[in-house]
Amino acid sequence: MRTCLGSGSLSAILLIAGTACTSGPPPFDEAAWLEGEEAYRQRVEDELTADRSWLTVADLHFLTVRDHVVGSGEDADLRLPDRFPEVAVTVSWTAEGKAIARVAEGVSATVGGEPFTEGELVLGEDGALHLDDRLWFWLHYSGERRALRLRDLDNPLRANFTGRKWFPPDPRFRVAGAFERFPERRHVDAINIRGDIEEYVSDGEFVFDWEGQEVRMLAFTRSNGNLFFVMSDDTSGAETYRAARFLTAPPPEGDRAVVDFNRAVNPPCGFNAFTTCPTPPAQNRLPMRVEAGELAYHPAFTNTD
């Protein structure tokens, strides 16, 4: 596929309105693109304020071989609101890697809609132990480690949410480039912010030219074929969240791909401390300022020195 070229140092990588060429992609419709960007920003805003969003994650506690208290007491391992007793549930993590939950007398709980008093917790939110219709917890993973994760629909983080913040949309950061496929799919180990290893799959790299410099980004592959990037750049720790931003792009078309950095968003850890986000691979720490996409939400999550 030929790339439609215009003038200027960025011409080889940008899809610019009005550029004339005899083949390749159709002319860039900036008005339609801006409308799509506005719709995207509204959609991710709505997702972040929904019941099962990162704003409703209220606690995270890693398990060791002992009994762990879930309750409202000051010394509880997983802290519940005051409407629950000091000890509502005890979770025993065994040497065999099982989480056995025992509900305290007088406390009502369900799993999968059925009454629950004692039994093994299974991994994932579908097996969550519900203490009422506003609060539940489940067995979560971070690499090889297991933790209890709490969801509270009345979490103050959600109630006090002030909205995502963004750079103005900029079509310069809608970038066309090559997708260089690996001979076969690779399994990639990524370190998360907790220091644990999580595995992703990758089919190749996105390669583009930025002001005369070749940039390569490792793309993780989603189950639907979309490309997923964990990235940082020279705005990280200043205007944008210091650890990383996440970016999803449509599947490549043959050996070409288009990546819109205007859709770079904060990872869950950019909003909530009770998360286990991956950090960028070394080659995805970009040697440029990506002044596009989402800004940092919490000032404390950027470097101030």
Near pairs, Cβ below 6 angstrom, 6+ apart or cross-chain, from the stretch 126-139 (open to solvent by less than 20 Å² (accessible area, probe 1.4 Å)) to any residue that is of a type in the set (Val, Ile, Thr) and outside any loop (DSSP other than H, G, I, E, B) = LEU129/VAL111
Scan of the stretch 292-301 for residues that are out of contact with any strand residue (DSSP E or B) (no Cβ under 7 Å at 6 or more places or on another chain) and crowded, with 18+ Cβ neighbours inside 10 Å, ordered by number = ALA292, TYR297
How many of the residues making up the stretch 104-130 are closer than 21 Å to ASP154 by Cα, hydrophobic (A, V, I, L, M, F, W, C) and part of a strand (DSSP E or B)?
-> 2
Hey, does the stretch 218-225 have a residue that's open to solvent by 10 Å² or more (accessible area, probe 1.4 Å), within 22 Å of ALA176 (Cβ to Cβ), in contact (Cβ under 8 Å) with a residue 60 or more places away in the chain and not charged (D, E, K, R)?
-> yes
Conditions (1) within 19 Å of ASP209 (Cα to Cα); (2) open to solvent by 30 Å² or more (accessible area, probe 1.4 Å); (3) of a type in the set (S, T, N, Q) -> THR279 fails only (1)
Near pairs, Cβ below 9 angstrom, 6+ apart or cross-chain, from the stretch 59-84 (more than 24 Å from GLY97 (Cα to Cα)) to any residue that is of a type in the set (Lys, Arg) and surrounded by fewer than 15 Cβ atoms within 10 Å (Cβ to Cβ) = SER72/ARG83
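Can you work out which of the residues in the stretch 253-264 that are under 21 Å from the mean Cα position of the chain (by Cα) and buried (at least 22 other Cβ atoms within 10 Å of the Cβ) is farthest from GLY225 (Cα to Cα)? I'd like the intermediate steps shown before the answer.
So in the stretch 253-264, the residues under 21 Å from the mean Cα position of the chain (by Cα) come out as 258-264.
Subsequent filtering for residues that are buried (at least 22 other Cβ atoms within 10 Å of the Cβ) retains 259-264.
Values: VAL259: 14, ASP260: 16, PHE261: 18, ASN262: 20, ARG263: 17, ALA264: 18 Å.
Among residues in the stretch 253-264 that are under 21 Å from the mean Cα position of the chain (by Cα) and buried (at least 22 other Cβ atoms within 10 Å of the Cβ), the one farthest from GLY225 (Cα to Cα) is ASN262.
The values are calculated or read from the model by the stated rules, or taken from the named source; none is laboratory data. Remember, predicted model here, so these are calculated numbers, not experimental data. Positions of Cβ are generated from backbone atoms using ideal geometry, with glycine treated the same way; all protein chains shown enter the neighbour counts. These area figures cover heavy atoms from the full protein model, side chains too; ligands, DNA and RNA do not enter into them. Shrake-Rupley method; radii C 1.70, N 1.55, O 1.52, S 1.80 Å.
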